[in-house]
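**Q** Below are the structure tokens for one structure; questions will follow.
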Amino acid sequence: MANCACGSAQKLDDCCGRYLKGTANPPTAEALMRARYTAYTQCDIDFVARTNDPNNKEPFDADSAREWAKSSKWLGLEVVKTEKGGVADSQGKVEFIARFRVEGEDHEHHEIGFFRRRGDNWYFVEGKTPGVTVRKETPTPGRNDPCSCGSGKKFKKCCGN
């Protein structure tokens, strides 16, 4: 038997396979996120749909998800970080990168997934793309500094206007 696609180094049946089969519930938000990734690699879109939060207002397009799963060669999963989402929590966040190949081109899906637990079940609420921090290489001139464009005017009367 092959190792689980989630990257745990465990056999599929000992890891995410039991969640996909419904013989156990993922105990944490991260476990559910890993199981959902594995479900995509197995084209088990029913599991993905079942683990979406029932209160989501956005409809889940199972046909598109199935087509994406089938057309992708899944290359691996990296869990970047988790916040809460443990066995005693009711909510959690998991930042991850899913790597896949479509038509010979490699892609990364980088997302922060938000999860909620109801009873014994964790559900996927929504995913957001992490913001990119932009860092300036040079400091912004002050209002009364000479303008950096070389006009000889004060910044506030030139490019800062």
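The values are calculated or read from the model by the stated rules, or taken from the named source; none is laboratory data. Being a predicted model, the structure only gives us computed values, none of them experimental. Quick reminder, even Gly has a Cβ in these numbers, built from the backbone with ideal geometry, and neighbours come from all protein chains shown. Side chains included, ligands, DNA and RNA excluded: accessible areas come from the protein's heavy atoms. Shrake-Rupley method; radii C 1.70, N 1.55, O 1.52, S 1.80 Å.
**Q** Please give me the summed charge of the neighbours of C147: other residues whose Cβ is under 9 Å from its Cβ, Lys and Arg +1, Asp and Glu -1. Walk me through the numbers before you get to the answer.
**A** Numbers: positive: K153, K154, K156, K157; negative: D145.
Taking every Cβ under 9 Å from that of C147, the sum is +3.
**Q** Share of the chain's accessible area from carbon and sulfur, percent, 1.4 Å? Could the numbers behind the result be given before it?
**A** Values: 4800 of 10340 Å².
C and S fraction of accessible area: 46 percent.
**Q** Along the stretch 109-114, what does the Karplus equation 6.51 cos²θ - 1.76 cosθ + 1.60 (θ = phi - 60°) give for ³J(HN,Hα), rounded to whole Hz, x for Gly and Pro?
**A** Values, residue by residue: 10, 9, 8, 9, x, 9 Hz.
**Q** Taking a probe of 1.4 angstrom, what is the accessible area of E58 in Å², to the nearest 10?
**A** 150
**Q** Further question: Between C15 and residues 5 or more places away or on another chain, which pairs have amide H atoms under 5 Å apart, with H built 1.01 Å from N, and which residues are they?
**A** none
**Q** In addition: So what are the ³J(HN,Hα) numbers for the stretch 67-74, from phi and the Karplus equation (6.51, -1.76, 1.60; θ = phi - 60°), rounded to whole Hz, Gly and Pro as x?
**A** Values per residue, Gly and Pro as x: 5, 4, 4, 5, 7, 9, 9, 7 Hz.
**Q** If you put +1 on each Lys and Arg Cβ and -1 on each Asp and Glu Cβ, how big is the dipole of the stretch 27-161 around its Cα centre, in Debye rounded to 20? Before the final figure, lay out each step's value.
**A** Working: 23 positive and 21 negative charges, 205 e Å.
So the dipole magnitude of the stretch 27-161 works out to roughly 980 debye.
**Q** Using packing as a proxy for protection, rank 15-22, 29-36 so that the peptide with the highest average count of other Cβ atoms within 10 Å comes first. Each step should come with its number before you reach the end.
**A** Details: 15-22: 18.4, 29-36: 25.2.
Packing order, densest peptide first, comes out as 29-36, 15-22.
**Q** For the chain, what is the accessible area per residue in Å², given a 1.4 Å probe and the full set of protein chains? Mind dumping the intermediate values first?
**A** Working: 10340 Å² over 161 residues.
Using a 1.4 Å probe on heavy atoms only, each residue of the chain averages 64 Å².
**Q** List, in order, the whole-Hz ³J(HN,Hα) value for each residue of the stretch 89-96 obtained from phi through the Karplus relation with A = 6.51, B = -1.76, C = 1.60 and θ = phi - 60°; use x for Gly and Pro.
**A** Whole-Hz 3J(HN,Hα) from phi for the stretch 89-96: 9, 10, 9, x, 10, 10, 9, 8.
**Q** Calculate for the chain the 222 nm mean residue ellipticity that helices alone would give, adding -39,500 (n - 2.57) per DSSP H run of length 4 or more and normalising by residue count, nearest 500 deg cm²/dmol.
**A** Numbers: 4 runs with 34 residues, N = 161.
Result for the chain: -6000 deg cm²/dmol, rounded to the nearest 500.
**Q** Also: When we measure straight from the Cα of K84, which lysines land under 20 angstrom away, once same-chain ones fewer than 8 places off are left out?
**A** Counting by Cα, and skipping residues close in sequence, K84 has these lysines nearby: K93, K128.
**Q** Something else about it: Suppose R0 equals 30 Å; then what is the FRET efficiency for N55 and I97 from their Cβ-Cβ distance, rounded to the nearest 0.05? Walk me through the numbers before you get to the answer.
**A** Working: r = 27 Å, r/R0 = 0.90.
After rounding to 0.05, the efficiency reads 0.65.
**Q** Run the numbers on the stretch 19-161 and let me know its relative contact order in percent, using alpha-carbon pairs under 8 Å that are six or more apart. All intermediate terms of the calculation are to be shown ahead of the outcome.
**A** Values: 226 pairs, mean separation 27.5, N = 143.
Value for the stretch 19-161: 19 percent.
**Q** Given (1) 1.02; (2) 0.99; (3) 1.23 as candidate values of Rg/Rh (Cα atoms, Kirkwood Rh), which corresponds to the one derived from the coordinates?
**A** Computing Rg/Rh (Cα atoms, Kirkwood Rh) and matching it to (1) 1.02; (2) 0.99; (3) 1.23 gives (3).
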